[in-house]
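See structure below.
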Amino acid sequence: MKKILPILGTLFLLAPFNTNIAAPVKIDGIAAIIDSEAILESDIETRFRIIRDRIPNGTYNADIRRQILTSMIDEFVQANYANRAGIRVNEADVDRAILSVASKLGTNLSGFKTVLQQQGIEYNRYRAQIENEILMTNVKKQVVRERIKITEQEINDFLESSESLAQAKDEVRLRHLLVRSKNVLEAKNKIQDIASNIQSEEDFIRLAISQSDGPSAVRGGDLGWRPLNQLPSLFIREMTTGKGPFYGPIQSNAGFHLLWLIDKRVPDAELQKQTKARHILIKPNVIRDIQQSHEFIITLYKQLQQGADFAELAKEYSEDEGSALKGGDLDWVASGAMVPQFEQMMNQTSVGQYSQPFRSNFGWHIVQVDGRRNADVSDKIKKENAENALIAQKQDLVLSNWLDELKTQAFIDIK
């Protein structure tokens, strides 16, 4: 984002002074100011070009502009929170994400830059957007870990409930429309008026873009594919008792909701891929920064290359309290259970080998892979799945409340 220049509202380019003074030419405008920094109209337009393929019909209009600006304001206050909390994005993660997109398009980085240029998107701005999306994901994960604690009793109650693992394999793709309830009566009247004008999915998309206060509004409310039992329990109950595909209004602490069921599927997931792994973790601290932590783990890596025992080094030096005393042993790790950086490096490492040092949000790691298997774990990890489902059910409301707190504390001036 650009720093605020000493003018208000718009930026102008003036012609050199002469007797025939040219009229000012508007080159950009300030859309909003958040905590002494500006979001420009050009920033909004660039964001639209980057996410155009996620927007129904890919058309730029006043509603899309408003939803993008709202999203950018939300991201701004979250990024400020991340900065205060010391949450950073690994450059290697950004590289991998961009290369993954390029690979899906059947090209390399150079070719991908050409594609972006043809679409009028500067590569540096695209990269900044990808970095920002990764940062938002990391920030939200940390907030969820800090604010949601699931008790053993909740897990047991969930396992005995009708919305339990009987629906664990069911996945749904939904559209979501939210009207926040600062004034409950006004919000209720508004959601009922919106609902009365929805006869088709096209109606839902149009009204989600123009009326929804939810984070998926700019995508026509599309939430993507989600396990059914990881939706908020209010949504599950509504969908299991109603006929669909249109559900609601549904009232929650966050406001009033409408849902549109796009599709439903039951994926085949009997066997789970697992990796037997151990690792060494070196974390930055008050006396050792991230660079010094990197230099230290390099010395451990060299010791491994010279024949040192991985488990002994992990016992002596690893700063993962959960595994260090066991020689860094993580036991059998399920696919998707670790942070993306760790998962990718673990998957790239051959059985019996150890990786080069790599960085995650926790610090610097070396991972050793001791085995791989496909396991039938349908009975063994019911409690783990139940805990994940309960966290997923609660996280939307928790994150919504947290974001409201951040915005209350921030200076926000929408021009």
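With assigned to a loop (DSSP other than H, G, I, E, B) and at pLDDT 90 or above as the only criterion, which of Glu319, Glu295, Glu312 stands out?
From the options Glu319, Glu295, Glu312, the qualifying one is Glu319.
In segment 6-82, which strands (runs of 3 or more DSSP E) lie fully inside it and hold 1 or more residues that are at pLDDT 90 or above?
Correct list: 25-34, 37-40.
Taking Leu177, is it assigned to a helix (DSSP H, G or I), under 26 Å from Asn61 (Cβ atoms) and either free of Cβ contacts under 8 Å to residues at least 60 places away in the same chain or in contact with a helix residue (DSSP H, G or I) (Cβ under 8 Å, 6 or more places away or on another chain) (or both)?
No: the conditions fail for Leu177.
Scan (1) of a type outside the set (Val, Ile, Thr); (2) within 24 Å of the chain's Cα centre (by Cα); (3) not in a loop (DSSP other than H, G, I, E, B) for the single condition Arg278 breaks and write down its number.
Checking Arg278 against (1) of a type outside the set (Val, Ile, Thr); (2) within 24 Å of the chain's Cα centre (by Cα); (3) not in a loop (DSSP other than H, G, I, E, B), the one that fails is (2).
Take segment 107-152 and flag every residue that is more than 20 Å from Ala386 (Cα to Cα), touching a residue at least 60 places away in the same chain (Cβ under 8 Å) and either aromatic (Phe, Trp, Tyr) or assigned to a loop (DSSP other than H, G, I, E, B) (or both).
Gln119, Gly120, Ile121, Glu122, Tyr126
Determine if segment 227-245 includes at least one residue that is surrounded by 19 or more Cβ atoms within 10 Å (Cβ to Cβ), part of a loop (DSSP other than H, G, I, E, B) and in contact (Cβ under 8 Å) with a residue 24 or more places away in the chain.
Yes, the conditions are met somewhere in segment 227-245.
State all residues of segment 181-203 that are more than 28 Å from Gly58 (Cβ to Cβ), open to solvent by 90 Å² or more (accessible area, probe 1.4 Å) and in a loop (DSSP other than H, G, I, E, B); if no residue qualifies, say none.
Listed by number, the list holds a single entry, Lys182.
Could you list, in sequence order, all residues of segment 85-113 that are among the acidic types (Asp, Glu) and surrounded by fewer than 12 Cβ atoms within 10 Å (Cβ to Cβ)?
Glu91
The values are calculated or read from the model by the stated rules, or taken from the named source; none is laboratory data. From a predicted model like this one, the values you see are computed outputs, not experimental measurements. Using ideal geometry, Cβ is built from the backbone for each residue, glycine included, and neighbour counts are taken over all protein chains shown. The protein model used for the area step is the full one, side chains on, heavy atoms only, and it has no ligands, DNA or RNA in it. Shrake-Rupley method; radii C 1.70, N 1.55, O 1.52, S 1.80 Å.
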